[in-house]
Structures are given as structure tokens and as C-alpha cells.
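Notes follow the structure.
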Amino acid sequence: MKTNELRTRFLTFFKAKDHKIVSSASLVPEDDPTLLFTSAGMAQFKENFLGIKKDLKRAASCQKCLRTGDLENVGRTPAHQTFFEMLGNFSFGDYFKEEAICWAWEFLTQELKISEKKLHVSVYKDDLEAFTIWQKKIGLPVSKISRMGEKSNFWPSNAPDDGPDGPCGPCSEIFYDWGEKFGCGKAACGVDCGCGRFIEVWNLVFTQYDRQGKGNLKPLPRKNIDTGMGLERLASVMQGVRTNFETDLFVLIIAEIERYLGPKAKNHFGLRTIADHIRAAVFLIGDGVLPSNEGRGYVERMLIRRASRLARQAGSKDFFLHRLVPTVIGVMREPYPDLGSRELLMKEVIQSEEDRFARTLDEGTRILDQETARLKQKKETIFPGNVAFRLFDTFGFPIELTVEYLHEKGVKVDMNEFNDRLEEQRRVSRSGSQMGGTVFAETFAQKIRTLNLNSKFLGYETHQASGKILAIIENAVVLDQSPFYGEAGGQIGDTGYLRKEGVEYRVYDTKKVDEAIVHFVTPLKGELKAGDEVSGMIDSARRNSIMRNHTATHLLQAALRQVLGKSVEQSGSLVAEDRLRFDFTHVGKVPQEALEKAEEIVNDEILKNIPLEVHLLPQEEAKRRGAICFFGEKYGDVVRVVEIPRFSQEFCGGTHCRATGDIGFLQIISESAVASGVRRIEAVTGEKAYRRAKENEITLRQLAVLLKTSPDNVAESLQRLLQKVRQVERLQQNCNKEAAGDFVEAWIQGAETIGTVSLMVRPVEGADPGMLRSLWDRIKVKFKRGIAVLWSVKEGKLSLVMGVTHDLVKEGWDASQLIQPVAEWVGGSGGGKKDLAQAGGKKPERVEKAMAALKEEINQLKKI
């Protein structure tokens, strides 16, 4: 049975049992900062389990999941994966153990026709109720029901003794028996044996307790059911193959990998790992995660680079992961049709990441081999954590890859030292850019949700309306209806006033919590209480500015898609009163001419003064019409579509101009990188754009006066002036070179001796990198067995050149490697050749520490 049919049969089965079929949530958890990724089917139903949301009694889903806890086992065992799909059925205070057990058995034995002889179960040792249902209701012999402890049959594992406090309960697992010939042959072989004969297919969790301290389990008033069945594992059973990697979800992908690697790689475990990691990368990008050095992006970068290294290890000379994207999409297109629209983006992002890694892989591997050779000579097996950190920080080597590579050579990384360096870097980073915390998402929102409040938004039609106060919580007021827009979809919340006779409150922000519009207020006079009728009036001038920027954002996205291609998709936005900020997917810097073209297209549409149209449509119909949405976002069955006829259609709940002409005009003020594969454009509209244009005009006239020319000829006059300046600078440099020659002999004499190596460190005031390189050319003529570091500081920025004499290069010394820890210390990066390298940095005050690190490096290397 094909996997697509399995998925459909499961959902159809539970739909017939009155379950609401809920589509998969994003791999990026919504409003849950406690989770890095969605790792289980129940994640999107967390608030239903907690009783905060009460919109569902029964649900079933096929959930995209990602886990990286057992990364080293992926590809080496039959069932370990990072990305997988989890089938699950859920009850929130409705049915309980008997229905959950009976339906699971019915689905496996009657719907899928799995032989009852092949199935065994386990229950928690003290769960007599579940044991009895399996024995009496299902009719399983006692020999097929294993009673097990809280480590394997309680959720969370060991919860009664180890915690955490909160909802928990016993579980019952269903196992498939591959048969005696696949087992260990021992008489005691059972479902708890690790030989591989029995594989867990389905886990039924009975959430019935509230843990309140060790061993103290209080019955929950609302008992829940949470089940999970790995789709890939079920497919392996139904398709009669021993591993998930032999199912129809993987065979085409692995065959394509074999095509690139050749027949010699056929049995290499890396094929399975690469197939798993490329699936994960595709789905992560599909849900808006892009490679970076932090959080989710770091995990994605690590998976892509791990797969790239395994491909190289298996014999590949080229990086080909991006070429696997169409195959992955082809296999997964039926359940996830949206993947196809992002194929170009996925290929570009993965190829960009492969290119980045290619530039550092050989160099990083060389450092690893060089350092392990040194350890081997000293008969040591602990790899220095500071070197591992340098590989991580400078070369982009995920620490997991370093650990894995060295493990193959019998060497361990000093993780304590690595973590110390990592924490130091984070501490410095935090001190430079402290983030203000917010409790809104984690605590205040939950308070609102428990009240189950609903507000009607009137702000599409009016800026002023009356409403009744449903609740006042701390400094927040919730009305039954309101003209105030609650922050959502990148658009900031409205400000204004709530008034009644003798009472006035200033609304300084508005947010949306589910269906409740929450007004954050400061009392100006009098006092409001629940039940009061108030008049709400938004700041209309501010709202109008926001609307101009929001409509302009839609125009900008459509224009960028025209200029740069359909791979441009929104990755984030800010629609404020003073500017708009649009983050979008694109690999590489956007050329200036492309920005100018996009700006021109937007302003052409503004001049046309096109009236906007708003439609409420079923989601599928909106997509058929070509409306685009923010990927990773979850939308309802009916969506609001804002259309600029013949130009743009977007899913959007925000407020907009009546017509494009209301924007005035748009001016792009900056374009920059946000992360790998994500660019950011900031722009202004209306009065802000006019003021900026006026200021630029004034500046241009002032420059014309200074250059004694007309505004039209400023660029030409400035070019001539710069040519003269460069001529003067060259003359000055030549003079400086002549003067510097007199000091070279003294500098050589003053070099510090470290073993048989001479180290010269000299600051050169006012010198640029070109002059520093010229000085090295003079020094190396007379310098023997020497390393020279020449540096200067201009406008707070450090320039540094390191030279290694020819005799030391012959012995294996390498300036491009020696300069790395130096660059790291001074807050920059560096590179070059074996005899000459260059670096820059933003922290010249740390030069002394950098030189100390260099001396330590020389001390280590001279012992090899």
C-alpha cells in the first residue's frame, strides 16, 4: 500500500468517527517559544489539552515533525529520521481509553488488514483499566500484553518520580512482530528487546493525571487522548520492508543520490542520511526557515552541511543537494501541493549554502587533520575546544560535524572549552544588542484566552465606534466591538482614545489574541469598569499613514516578483506609521537597477489610482485565483483577499487605502541582508517620502554650491575632485614608503624570538592595507625564519597584514591559518595565502590579546 493511500485512509477513518481533520501545522511552532520545532502531533493542540481553547472535542491530523535528538543514528538504524510525519487522533475531554484502544485496533486489523498474530501491546504496569480493555474487549491473550514501567509506558517518561509537574498519564504501545528469524533468538525476546524483531507502530497516551510533586498524581477533571503513529514506520510494515528508507517515500530520492554518487556508494550509510536531511531542508525552507547561525536556521545549516560532507565522503566531487529538490517535491507533492510553488527558492537557498560550505570545507578539514596529527604525535586524544570554536565561528563548521569527523579518528572535542568560548561570544553579543523581553506572548495572551472573549472588528468601515467592555485585565480593555486594529500580519496596532461621559483613557497599543481585540490603556480621567459602554476613536492620521504603507507593501511585493522572479516570497514585514519594512526570499544582493525598476513599477501603479477590491473567499478558491499568502502562516477555511486589480492579490486581514493613489508615492531607502537567502527593503510613502525627497534636493543644491557647479553636474564635478584626491594620496604613500624603509632594519633587530622563529609585531600609524603589504615586501628581503604582523587603525577600524618568510612556508607554516585566531580576537575575519594574509576588525583595542593568542599558536606549532 502506497504511503499516500495510508495517510488518506487514516484521516478518512477518523473523520468517520466524528473527528475534525486538521491540516498539519508548520514545523515552526506558532506562539510557543518553548519549542524549537514541531516534534509531535499534539503540539498544535496544546491549548486544547490545557483547556484554554474549547473549539474542538475530537481531532485527527497528519503532522510534519522534526527532531534532531538522535542525529548520529539517522541512516544507521532502520527508523531514525529528522523529518517525519506523525499520524494522530486526539480527544479533549471527550472519549477515553476504550474508544482509543478499540479504534486503533480496528484501523490496523480491519482497515489495513494487518494480521492480529503480528501485533503485540504494552501497558503501564499499574494501568489495570487498559490491561482489561486489551484482554476482555479486544481479546488479546495475556502473553501478548506486556506490563512495563514508567520509563517506557508513561508520558512524559518517568514523570511520576522525575516530573515535570502538570498533565501526564500512562500509555499503551502497539508493536509489529517481524518474526522469529529477525530476532535475537533468546527465549526472553519481547517488545522491550532491542534486537529489532518488534517495532513500535502506535503509541496511545492517556492523559489522566496532574502531577503535583513526586509520586503525587491527582486525577484530571478532563481526561485527554493523544496518540501518535509514525507514517514512515507504518509504511515499512505495509510495504513489507525492514527500514523506512526502503519505502516509497525514500526510494526515488535515494536512487537519485546514487545517480550522482555512482555505483560504488550504493551501500554507503550516508545515502540514507543525505535523503533524510534533504527532505528536512526542503520542508524547513517551505515553512520559512532559512540557514543562519542561530536557532532554527542553525539546525537547517547544520543538516545541509552534514549532508554535503557525507556526499563528499561517499565519493562526490561536486555538491548536488540542490538538484535533489525536484525529486523530493515530486514524492511529496500530493499531500503538500504548496511545495511546488517554492521549488526555485529551495534550490537557490540550498545551492547558496552548498557554495558557502564548499569555500570552507577543504580548509576546515585541513585544520582538523593538522591538529589531529599534532595530537597523534603527542599521543593525546582531546581536541582543543578553542580550535573547534574557531572552525565553528570562522569557517562555519557546525560543532556537530567537527565532533562527528573527529569521532571517526578516535578523538574527542574539549566541549567545556568550546562552550566557554561560545558563551563568551554570546555574552559580548548580548551586551551589544540587548533585547527587551515581552511577557505578552507567554502569559498575558493565555489569560485572555482562558476568558474565551470575542470582539468584532469595525475598523474596515469606520475610525470611530461604540462598544461594550467585556473585561479589564491589568492595563488592558477588551470590547465586544472596536474600530481599533490589533497588531497582526506585520501591521502595528492602532492608538487613540476610549471615552464615556467624564472618563477618558488613552489607547497606546492594540493587539489581537485569537478573536479578542485587546486595547492597552493609560487612564487620563475617571475610571472604566466591565459592562461600560464606551466610544472608541482611533488616531486617524496615524492609521492613514499605516494604510498607505500597507498597500505600498503589497505593491512592492508584486513589483519585486516581476523584476526578480516568482521565487520572491514574503518572509516578514513591518507596516508602521513612519515606514514599511519588507523581508523577502532572494539569494544575493538585489542590484541597484532592480531596486530602481521595482520602485518605478510601484509608482506607476500609484499614479494609476487603482481602486482596491476586497473579497472573502474559500481558501482553495483564493489560491486558484492566484492570491499569494505568507508561507508558514495557517489560514482559516474562508480568507480575506485584498486585490489591486490586474496587479496584486494577497491573503490579508490588514487595513488598506481606498485606491493606490492615496499612497502619494514610494521611495526605497535601503536594501540589506537579514539572513542567508533573505533580503530586507525599507521604504517610505506619502508625506515621509516627500520630505525625504525635499531633503535630498536641498543637500544636492548645497553640494553644487560647494563644488561651484550646477545641481545637474554635481556627480561629474565630484568625480574630478576624487581623482585629484587619489593622486595626492598616492604621492603621500610614496613618501611614507621611502620613510618606512629606514626603519625596517631596526624592526628586524627588535623581533621577538620564539624557539627558532622570529615574531615581529609593529603598528604603522596611518597606513592602509596597500602600504602595509608594501612594507612586508621590504621586510621579507632581509627577514629570516620570521613572521611579521603589521597593523594600523583608521576611523576605529583595524587593518592587519601578516607575512611568513619563504623558509618557514617550506616547513609548513601558513599565514592564512595563523591569522584566523588573530582576526577572531579583533572582531573580524581574515584570509590569504601561505606567505601573506590580511585581516580587518572592529575591535582594535584587543590587539594585545590577539598577539598573545598568536604567540600561543606559534608555540604549539613549533612543537610539531
Unit charges on C-beta of K, R, D, E only; dipole of the range 363-414, Debye: 320
Distance-filtered residues of the range 765-794 - backbone nitrogen under 14 Å, label point 7 angstrom along residue 806 Cα→Cβ: 777-786
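Across every pair of different alpha-carbon atoms, what Kirkwood hydrodynamic radius in Å does the range 612-735 reach? Write out the running numbers ahead of the final one.
Values: mean 1/r = 0.0513 Å⁻¹.
Result for the range 612-735, one decimal place: 19.5 Å.
As a check on your grasp of the helix formula, calculate [θ] at 222 nm for the chain: sum -39500 (n - 2.57) over DSSP H runs of n ≥ 4, divide by the residue count, round to the nearest 500. Mind showing how you got there, number by number?
Numbers: 25 runs with 325 residues, N = 864.
Result for the chain, helices only: -12000 deg cm²/dmol.
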For the range 181-227: Kirkwood Rh in Å [reciprocal of mean 1/r, alpha carbons]: 13.8
Using a Förster distance of 51 Å, the FRET efficiency for residue 691-residue 165 (Cβ separation, nearest 0.05): 0.35
Given charges at Cβ of Lys, Arg, Asp, Glu: the chain dipole, positive-most of 612, 38, 517: 38
Nitroxide proxy distance, nm - points 7 Å out along Cα→Cβ at residue 621 and residue 382: 6.9
Rg/Rg_ref, the range 41-90, where Rg_ref = 2.2 N^0.38 Å and atoms are Cα: 1.46
The range 128-271: radius of gyration and largest Cα-Cα distance (Dmax), Å: 19.6, 60
Solvent-accessible surface (1.4 angstrom probe) belonging to residue 658, in square angstrom, nearest 10: 150
Along each principal axis, Cα extent of the range 147-225, largest first, Å: 46, 22, 15
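Roll a 1.4 angstrom probe over the protein heavy atoms and tell me the percent of accessible area of the range 204-244 that is carbon or sulfur. Don't jump to the answer; show the numbers that get you there.
On the way: 720 of 1550 Å².
Carbon and sulfur atoms account for 47 percent of the accessible area of the range 204-244.
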Computed over the range 199-285: relative contact order in percent, which uses C-alpha pairs under 8 Å that are six or more apart: 18
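Express the relative contact order of the chain as a whole percentage, based on alpha carbon pairs under 8 Å and six or more residues apart in sequence.
Working: 1546 pairs, mean separation 56.3, N = 864.
The value is 7 percent.
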Distance histogram for the range 360-420 (every C-alpha pair counted, 10 angstrom bins, percent rounded to whole numbers): 25, 62, 14
For residue 756, solvent-accessible area (1.4 Å; no DNA, RNA or ligand), Å²: 100
Flagged links, alpha-carbon separation over 25 Å, of 15/136; 566/688; 784/834; 17/223; 97/136: 15/136; 566/688
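Of all the accessible heavy-atom surface of the range 530-676, with the other protein chains kept in place and a 1.4 Å probe, what percent is carbon and sulfur? If you can, show how the numbers build up before the last one.
Values: 3010 of 6250 Å².
So the carbon and sulfur contribution to the accessible surface is 48 percent.
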Hydrodynamic radius (Kirkwood) for the range 1-95, which is based on Cα pairs only, to one decimal in Å: 14.5
Rg and Dmax [Cα atoms of the range 509-632; Å; Rg one decimal, Dmax integer]: 19.0, 58
Solvent-free Debye scattering, log10 I(q)/I(0), computed from the Cα coordinates of the range 656-808 at q = 0.12, 0.18, 0.21 Å⁻¹: -0.79, -1.07, -1.21
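With r defined as the distance between the Cβ atoms of residue 366 and residue 773 and R0 fixed at 30 Å, what FRET efficiency is calculated, to the nearest 0.05?
Details: r = 25 Å, r/R0 = 0.82.
Calculated transfer efficiency: 0.75.
Among bridges DSSP assigns within the chain, what percent are antiparallel (round to 5)?
Working: 121 of 140 bridges.
In the chain, approximately 85 percent of DSSP beta bridges are antiparallel ones.
Could you tell me what fraction of 2.2 N^0.38 Å the Cα radius of gyration of the range 111-197 comes to, as a two-decimal ratio? Numbers along the way, then the final one.
On the way: Rg = 14.3 Å, N = 87, 2.2 N^0.38 = 12.0 Å.
That ratio works out to 1.19.
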Where N is the number of residues in the range 562-676, Cα Rg divided by 2.2 N^0.38 Å: 1.11
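Quick one: putting +1 on the C-beta of Lys and Arg, -1 on the C-beta of Asp and Glu, what dipole do you get for the chain around its Cα centre, in Debye to the nearest 20? Can you show the working numbers first?
Details: 124 positive and 119 negative charges, 343 e Å.
So the dipole magnitude of the chain works out to roughly 1640 debye.
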Viscosity 0.692 mPa s, temperature 37 °C, Stokes-Einstein D of the chain from Kirkwood C-alpha radius, µm²/s: 103
Values of log10 I(q)/I(0), in the order q = 0.18, 0.19, 0.28, 0.31 Å⁻¹, for the range 226-273 under a Debye, Cα-only, solvent-free model: -0.59, -0.63, -0.99, -1.09
Model label zone, residue 94; criterion: amide N under 12 Å from point 7 Å along Cα-to-beta-carbon; scope the range 16-30: 16-22
Accessible area expressed per residue, the chain, with surrounding protein chains retained (probe 1.4 Å, Å²): 47
Percent accessible area from carbon and sulfur atoms, the range 336-391, protein chains only, probe 1.4 Å: 48
Extension gain, residue 128 back to residue 210 (0.36 nm per residue minus Cα-Cα distance, nm): 27.6 nm
Theoretical gain in end-to-end length, residue 35 to residue 408 [0.36 nm per residue, Cα-Cα removed]: 131.1 nm
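Given a Förster radius of 51 Å and the C-beta distance between residue 541 and residue 781 as r, what FRET efficiency does 1/(1 + (r/R0)^6) yield to the nearest 0.05?
For residue 541 and residue 781, the calculated efficiency is 0.10.
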Gyration tensor (Cα) of the range 767-849, equivalent ellipsoid semi-axes in angstrom: 21, 14, 9
Projected label distance in nm at residue 180 and residue 700, using a 7 Å step from Cα toward the beta-carbon: 9.1
Estimated inter-spin distance, residue 450 and residue 157, nm [label 7 Å along Cα→Cβ]: 3.2
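Full extension from residue 20 to residue 749: what is 0.36 nm times the residue separation minus their Cα-Cα distance, to one decimal in nm? Let's see the in-between values first.
Values: separation 729, 0.36 × 729 = 262.44 nm, distance 8.32 nm.
That pair, residue 20 and residue 749, stretches by 254.1 nm at full extension.
The values are calculated or read from the model by the stated rules, or taken from the named source; none is laboratory data. Quantities reported herein were computed from a predicted structural model and do not represent experimental measurements. We place every Cβ from the backbone using ideal geometry, glycine too, and count neighbours over all the protein chains shown. The accessibility values were calculated without ligands, DNA or RNA, using every heavy atom of the protein model including side chains. Shrake-Rupley method; radii C 1.70, N 1.55, O 1.52, S 1.80 Å.
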